[in-house]
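Below is one structure, written out as structure tokens; comments come after it.
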Amino acid sequence: MASLDAPRIVSSRREFQDSFTLARYLETGGYVALRKALTMFPEAVAAEVDAASLLGRGGAGFPAGRKWSMLRKSPISYLVVNGDESEPATFKDHYLVERDPHQLVEGVIIASYALQVNQAFIYLRGEFALGLERVQQAVNDAYAHGALGSKIFGSDFSLDIVVHPGAGAYICGEETALIEALEGKRGFPRIKPPFFPAVTGLYGEPTVVNNVETMSNLPWIINNGGAAFAALGAGRSTGTRLFALAGRVKNPGVYEIEMVKNTFRDLIYDPKLGGGIIDDKQIKAFIPGGVSAPWFGPELLDLPLGQDEVAGEGSMLGSGSIVVMDETSCVVRATWRITKFFSRESCGQCTPCREGSGWIERAMYRLEHGGGRMEDLDLLLDLCDNIAPGLTWPPQQTTICVLGPSIPSSVHAAIKMFRDDFVAHVEHGGCPHE
Amino acid sequence: MSHFRSDIRQRAEELVALYPRSRSAMLPMLHLAQEQDGYLSEEGIAEVAELTGTTPAEVRGTASFYDMFHLEPVGKYVVGVCTNIACLLAGGEEFLEHASKKLGCAVGSMSEDGLFTLEETECLADCDRAPVVQVNHRYMRTTTTDAFDDMVDDLRSGKLDHDVPPHGTLIRVRRSGGLRAPRQEVADQRVAAKAARESRAEETK
């Protein structure tokens, strides 16, 4: 049975229809944490986040506190919030920006205070038309409430937040590409080193980039203390997390549950969560953390939802999205669609990614639609090996950013787990499911 | 002579004032240009270049990178159907095929009456209501073909005019005022904060 007694940290206003309004936010404890933070030294606020061991919720899972503290030598100029949520089947930031924008804004103000940053940007993907309206309204309300602008709540701290729309590009979720987009350019990831925008970021100045969900955790952490957050979960995976469950389940949706204390089986099958597979079919495979993550088979359903636990089995919890495939799903078609996505979204700077993704997509297309050859299986693995040599996990990188090395994840996993399905496609001259 | 309507021009100028460098206003301003013209016209691109301190070639070069910007005219309603993994598992491809028939246009093209453009999109982050459909970037949540057909009929009859405003993702996004943390105040605060932090670090040594 799932363990569901942990407090809801980021989705506590879920039941309210008007959860996005300032009135509801204030009624439910809004901006109390900010007032408290402003009475603390900035380092003390950062120390609470450090004590919470909050891992970044964007995908890479880097400790947020460390992201802040490793840069303390040079003052940070800008805070940029990454709300470009585009990893396929990830939709938890969508929930947060539409349903609880004030929580996000308060988190951004708290983080800005901890970092002593006076201008922050909230970058939201352009397809979030309603999310952009809601977050902009929350920012407007926060100014009117005295929580933003000159001398916030009478303190010696001033801050402006600008809400910035993206325009449809998966790659802009990569933090240096996002910065390029924010500078008004094509979203090309920047060459590393420097590895962190904290060294050279927006306009060449030290910049911290954090995810929407990471920011949304901050009001609770300041109100309840970092230790209370760290008491939830286990090991390196502390607190709760929003999991986006999609695919062949009865109740797809966003669920906030405690890290590590629950397993994939709990999330997928518990009647209060996923509710099991549609028509009570058998699960065939699941993707544990966005399409960049290698797939798992049903034998790993009892694995706890924790960063290290999933990494130990050769995949990642990534963006917190779990996609379920059942016995009716065609894994070849699913793999083809994922490679088509990467091929479309490759920015084109690096040869292995630009050429490799298109080549893989074409081979996958003919397997699925007819014309596939037995030697295509080896060809696919060879192509994957050229993008991420050795096909290890975490993957070796031959490209500027991690989009390239993410391409082989699904292809390699699908061929390894379901070789018979691929062979059947070749023999059948296309998809036998149709 | 400005190509932008006066209200769009004013919003564009306000955008520039929000950023340390004017080129940063590029993406939001391109959304505004599209709000006026429905797509990025020559004239719109020239004006964005003027306001962001760039050249039309730089504006076009930037815009062409992003899926949401149209360099050619599109229908009044841009219908996006997602076929990425979660939607695929919910029949997204068949759904897209149905949409193409219902709207009378091939994927990637505009219907003859200029009312619809159909696009196959990548993940739109609404995967618990798959297959996901957006019209002018509003989530329609029509997960059955019947619901989709009703929605299209409602669009034709103007019943959804309020829910689905024309082009321009930012049409209802209004910032109340510009930046409000005065520059000198911020500069003073940064100096004071740095000194205070250093003295606290000294004390704890």
TODO: Read through the list (1) within 13 Å of another protein chain (Cβ to nearest Cβ); (2) surrounded by 17 or more Cβ atoms within 10 Å (Cβ to Cβ); (3) in contact with a helix residue (DSSP H, G or I) (Cβ under 9 Å, 6 or more places away or on another chain), then give the number of the only condition that B:Leu118 fails.
DONE: (1)
Open item on the list: Quick check on my filter: what residues within region A:94-132 are aromatic (Phe, Trp, Tyr) and over 14 Å from A:Thr214 (Cβ atoms)?
Closed with: A:Tyr95, A:Tyr113, A:Phe121, A:Phe128
Task: region A:279-289, residues that are touching a Gly at 6+ places or on another chain (Cβ under 9 Å) and either under 11 Å from A:Val249 (Cβ atoms) or not assigned by TED's automatic domain parsing to the domain that holds A:Ser319 (or both) - done: A:Ile283, A:Phe286
Task: Residues that are within 13 Å of another protein chain (Cβ to nearest Cβ), under 15 Å from B:His167 (Cβ atoms) and small (Gly, Ala, Ser), drawn from region B:3-60 - done: B:Ala33
TODO: Among the residues of region B:193-205, write down those that are farther than 12 Å from A:Asn118 by Cα, assigned to a helix (DSSP H, G or I) and either charged (D, E, K, R) or within 7 Å of chain A (Cβ to nearest Cβ) (or both).
DONE: B:Lys194, B:Arg197, B:Glu198, B:Arg200, B:Glu202, B:Glu203
- [ ] Kindly provide the set of residues from region A:146-201 that are of a type in the set (Asp, Glu) and either at the interface with another protein chain (Cβ under 7 Å from one of its Cβ atoms) or under 23 Å from B:Asp188 (Cα atoms) (or both), ordered by number.
- [x] A:Asp156, A:Asp160, A:Glu183
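May I ask you to say which residue of B:Asp128, B:Asp146 is at pLDDT 95 or above, farther than 26 Å from A:Phe341 by Cβ and of a type outside the set (Val, Ile, Thr)?
Details: B:Asp128 fails: farther than 26 Å from A:Phe341 by Cβ.
Just a single option satisfies the conditions, and that option is B:Asp146.
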Task: From the options B:Ala25, B:Ala90, B:Ala106, residue that is small (Gly, Ala, Ser), closer than 18 Å to B:Thr169 by Cα and modelled with pLDDT of 95 or more - done: B:Ala25
Task: Complete set of residues in region A:312-343 that are surrounded by fewer than 21 Cβ atoms within 10 Å (Cβ to Cβ) and without any contact (Cβ under 8 Å) to a residue 12 or more places away in the chain - done: A:Gly312
- [ ] Would you check if A:Arg35 is within 17 Å of A:Gln103 (Cβ to Cβ), buried (at least 19 other Cβ atoms within 10 Å of the Cβ) and either out of contact with any helix residue (DSSP H, G or I) (no Cβ under 8 Å at 6 or more places or on another chain) or not hydrophobic (A, V, I, L, M, F, W, C) (or both)?
- [x] no
TODO: State the number of residues belonging to region A:239-285 that are in contact with a Pro (Cβ under 7 Å, 6 or more places away or on another chain) and either within 14 Å of another protein chain (Cβ to nearest Cβ) or part of a strand (DSSP E or B) (or both).
DONE: 4
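Of all residues in region A:154-207, count the ones that are hydrophobic (A, V, I, L, M, F, W, C), free of Cβ contacts under 8 Å to residues at least 60 places away in the same chain and not in a loop (DSSP other than H, G, I, E, B). Before the answer, list the steps.
Going through region A:154-207, the residues hydrophobic (A, V, I, L, M, F, W, C) turn out to be A:157, A:159, A:161-163, A:167, A:169, A:171-172, A:177-179, A:181-182, A:188, A:191, A:195-196, A:198-199, A:202.
When the remaining residues are screened for being free of Cβ contacts under 8 Å to residues at least 60 places away in the same chain, the result is A:159, A:161-163, A:167, A:181, A:195.
If we keep only those that are not in a loop (DSSP other than H, G, I, E, B) as well, we get A:159, A:161-163, A:181.
Of the residues in region A:154-207, 5 are hydrophobic (A, V, I, L, M, F, W, C), free of Cβ contacts under 8 Å to residues at least 60 places away in the same chain and not in a loop (DSSP other than H, G, I, E, B).
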Task: Output for region B:57-109, where each listed residue is in the same structural domain as B:Leu27 (by TED's automatic domain parsing) and among the polar types (S, T, N, Q) - done: B:Thr62, B:Ser64
Task: region A:343-374: number of residues that are of a type in the set (S, T, N, Q) and more than 14 Å from every other protein chain (Cβ to nearest Cβ) - done: 1
Open item on the list: List pairs: first residue in region A:390-411 and closer than 18 Å to A:Ile191 by Cα, second residue among the acidic types (Asp, Glu) and in a helix (DSSP H, G or I) anywhere in the structure, Cβ distance under 8 angstrom, at least six positions apart or on different chains.
Closed with: A:Leu403/A:Glu345
Open item on the list: Just to be sure I understand, how many residues within region A:76-91 are over 16 Å from A:Ile110 (Cα atoms) and part of a loop (DSSP other than H, G, I, E, B)?
Closed with: 8
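If you check B:Glu112 against the conditions, is it outside the structural domain of B:Ser41 (by TED's automatic domain parsing), part of a loop (DSSP other than H, G, I, E, B) and not hydroxyl-bearing (Ser, Thr, Tyr)?
Details: outside the structural domain of B:Ser41 (by TED's automatic domain parsing): yes; part of a loop (DSSP other than H, G, I, E, B): yes; not hydroxyl-bearing (Ser, Thr, Tyr): yes.
Answer is yes for this residue.
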Task: Matching residues in region A:191-230 - criterion: being among the hydrophobic types (A, V, I, L, M, F, W, C) and out of contact with any strand residue (DSSP E or B) (no Cβ under 8 Å at 6 or more places or on another chain) - done: A:Ile191, A:Phe195, A:Phe196, A:Val199, A:Leu218, A:Trp220, A:Ile221, A:Ile222, A:Ala227, A:Ala228
Open item on the list: Looking at A:Gly65, A:Gly56, can you tell me which residue is closer than 29 Å to B:Thr83 by Cα and away from chain B (no Cβ under 14 Å)?
Closed with: A:Gly56
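Any idea which of B:Leu155, B:Leu170, B:Leu124, B:Leu179 is surrounded by 18 or more Cβ atoms within 10 Å (Cβ to Cβ) and either more than 10 Å from chain A (Cβ to nearest Cβ) or at positive phi (or both)?
Details: B:Leu170 fails: either more than 10 Å from chain A (Cβ to nearest Cβ) or at positive phi (or both); B:Leu124 fails: either more than 10 Å from chain A (Cβ to nearest Cβ) or at positive phi (or both); B:Leu179 fails: either more than 10 Å from chain A (Cβ to nearest Cβ) or at positive phi (or both).
Going through B:Leu155, B:Leu170, B:Leu124, B:Leu179 in turn, the sole match is B:Leu155.
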TODO: Hey, could you check region B:74-85 for residues that are of a type outside the set (S, T, N, Q) and in a loop (DSSP other than H, G, I, E, B) and say which is farthest from A:Arg333 (Cα to Cα)?
DONE: B:Lys76
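Would it be correct to say that B:Leu71 is surrounded by 20 or more Cβ atoms within 10 Å (Cβ to Cβ), part of a loop (DSSP other than H, G, I, E, B), more than 7 Å from chain A (Cβ to nearest Cβ) and modelled with pLDDT of 95 or more?
On the way: surrounded by 20 or more Cβ atoms within 10 Å (Cβ to Cβ): no; part of a loop (DSSP other than H, G, I, E, B): yes; more than 7 Å from chain A (Cβ to nearest Cβ): yes; modelled with pLDDT of 95 or more: yes.
When the stated conditions are applied, B:Leu71 does not pass them.
Every residue, every condition in (1) touching a strand residue (DSSP E or B) at 6+ places or on another chain (Cβ under 7 Å); (2) among the acidic types (Asp, Glu); (3) within 30 Å of B:Thr83 (Cβ to Cβ), yes or no:
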position: A:Thr238; (1), (2), (3): no, no, no
position: A:Val249; (1), (2), (3): yes, no, yes
position: A:Val254; (1), (2), (3): yes, no, yes
position: A:Glu258; (1), (2), (3): yes, yes, no
position: A:Arg265; (1), (2), (3): no, no, yes
position: A:Gly274; (1), (2), (3): yes, no, yes
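Taking the condition of being without any contact (Cβ under 8 Å) to a residue 12 or more places away in the chain and either in a helix (DSSP H, G or I) or over 16 Å from B:Ala25 (Cβ atoms) (or both), how many residues in region B:43-55 meet it? Show your work before the answer.
Going residue by residue through region B:43-55, those that are without any contact (Cβ under 8 Å) to a residue 12 or more places away in the chain are B:49-50, B:55.
From what's left, either in a helix (DSSP H, G or I) or over 16 Å from B:Ala25 (Cβ atoms) (or both): B:49-50.
Count: 2.
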Task: Candidate set from region B:118-153 (those that are more than 16 Å from the chain's Cα centre (by Cα) and either assigned to a strand (DSSP E or B) or assigned by TED's automatic domain parsing to the domain that holds B:Tyr66 (or both)); member that is nearest to B:Gly38 (Cα to Cα) - done: B:Leu118
Task: So A:Val139, is it more than 7 Å from chain B (Cβ to nearest Cβ), in contact (Cβ under 8 Å) with a residue 24 or more places away in the chain, under 30 Å from B:Ala130 (Cα atoms) and in contact with a helix residue (DSSP H, G or I) (Cβ under 9 Å, 6 or more places away or on another chain) - done: no
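The values are calculated or read from the model by the stated rules, or taken from the named source; none is laboratory data. Just so you know, these numbers come straight off a predicted model, no measurement behind them. As a convention, Cβ positions derive from the backbone with ideal geometry for all residues, glycine included, and neighbour counts pool all protein chains shown.
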